[in-house]
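Notes follow the structure.
The values are calculated or read from the model by the stated rules, or taken from the named source; none is laboratory data. No experiment lies behind these values; they were computed from the predicted model shown. Here the Cβ positions follow ideal geometry from the backbone for every residue, glycine too, while neighbour counts run over all protein chains shown.
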Amino acid sequence: MNNDELQTWVDRIRAGEVRAVARAISAIENGTAESVELLKALFTFSGKARVIGLTGSPGSGKSTLVDQLAREYRKHDNTVGIVAVDPTSPYTGGAILGDRIRMQAHHADTGIYIRSMATRGFLGGLARTTADVSTALDASGKDVILIETVGVGQDEIDIVRLADVTIVILVPGMGDDVQSIKAGIMEIADIFVINKSDREGADRVEKEIRAMQSLAMREDKWNPSIVQTVATEGKGIPELAAAIEEYERYLDKQGLRLKKKISNWRERIVEMLRESLLQRLTREQLSDEQLKTYASEVAEHRRDPYTLVDEIVGNFVKK
């Protein structure tokens, strides 16, 4: 792709053309060579969208909540990008749940763009490609980007490396007691949502969250809001949008927004370096056949993996 073609593609994405955006996301997902050049060009025009991550256990109603939150933002003329991170198919590597299945009521609304993403085996439920897709949607002019993650427990903390606001969704009566999931995932919440709050036990879940919050103060001194919702009926959605705005105002008032972005980018840059170096290593020095040989030697205890890794890395660094 020459510079003129790339510039035309970038211009079309910035104009919000759906086909250009879809093509960009496909290129990013497939890790094509042109996607890297595209992201370099798009990054300059990103950084304006509000990125909101929503995570929680399967069955907590994340998709419905995202759908309702998108509707709320559209009422105020905000354009919305939705990235639904789904489990990866063991056969195709693609997302099991498609964007055409969920949130179909939005298909005629040009102000909303919905895309399903595969986790590609990342335990945290958030592949690096999801962050790059967020950059593309941001550059396309979306005001708000909602990222709905797969929900796999405390490893879901990867969401904090990308989102400006992280929402943890709990549900009463589904084993979502605070005590059972407080390790890891509870600490990342900027806002708690108790969805399906018309069920018995919603108030008890809220009390448990309050009790946990009283035990430790966050480094930024923010006390996460707790919002009860019934997403299927749209109840509590305006209150959730207000809670998000309240947290954003707090970040600005305390001068924490940039600090949070710097912290997020520090983590993401390390992850990008790790992935890039691994790709170079496997491409230049470690073929599948060689890796299979190493694995056999270690499995048969003819070599120890620690010395082996030191040797591989040492040889790579010397090159």
Scan of the range 238-262 for residues that are out of contact with any strand residue (DSSP E or B) (no Cβ under 8 Å at 6 or more places or on another chain) and crowded, with 16+ Cβ neighbours inside 10 Å, ordered by number: 241, 250, 251, 256, 260
The range 52-70, residues that are within 13 Å of the chain's Cα centre (by Cα) and either outside the structural domain of residue 145 (by TED's automatic domain parsing) or among the small types (Gly, Ala, Ser) (or both): 53, 56
Filter result (at pLDDT 80 or above and assigned to a loop (DSSP other than H, G, I, E, B)) within the range 113-137: none
Boolean, residue 110 is among the polar types (S, T, N, Q), modelled with pLDDT of 55 or more and within 14 Å of the chain's Cα centre (by Cα): no
Check on residue 251, within 22 Å of the chain's Cα centre (by Cα), assigned to a helix (DSSP H, G or I) and within 23 Å of residue 192 (Cα to Cα): yes
Check on residue 53, touching a Ser or Thr at 6+ places or on another chain (Cβ under 7 Å), touching a residue at least 24 places away in the same chain (Cβ under 8 Å) and of a type outside the set (S, T, N, Q): yes
Some residue of the range 165-172 being in a helix (DSSP H, G or I), at pLDDT 90 or above, of a type outside the set (Phe, Trp, Tyr) and assigned by TED's automatic domain parsing to the domain that holds residue 147: no
Failed item, numbered, when residue 219 is tested on (1) assigned by TED's automatic domain parsing to the domain that holds residue 144; (2) touching a residue at least 12 places away in the same chain (Cβ under 8 Å); (3) among the acidic types (Asp, Glu): (2)
Members of the range 254-291 that are at pLDDT below 90 and part of a loop (DSSP other than H, G, I, E, B): 285, 286, 287
Matching residues in the range 28-77 - criterion: being over 14 Å from residue 150 (Cα atoms), charged (D, E, K, R) and touching a Leu at 6+ places or on another chain (Cβ under 7 Å): 37
Residue, nearest to residue 187 (Cα to Cα), within the range 33-44, restricted to residues that are under 20 Å from the mean Cα position of the chain (by Cα) and of a type in the set (A, V, I, L, M, F, W, C): 43
Members of the range 149-164 found to be touching a Lys or Arg at 6+ places or on another chain (Cβ under 7 Å) and modelled with pLDDT under 90, listed by number: 151, 161
Flag for residue 144 being at pLDDT 95 or above and within 30 Å of residue 22 (Cβ to Cβ): yes
Among residues of the range 196-219, those that are part of a loop (DSSP other than H, G, I, E, B), surrounded by 12 or more Cβ atoms within 10 Å (Cβ to Cβ) and in contact with a helix residue (DSSP H, G or I) (Cβ under 9 Å, 6 or more places away or on another chain), counted: 4
Residue identified as among the aliphatic types (A, V, I, L, M) and under 22 Å from residue 62 (Cβ atoms) among 216, 211, 242: 242
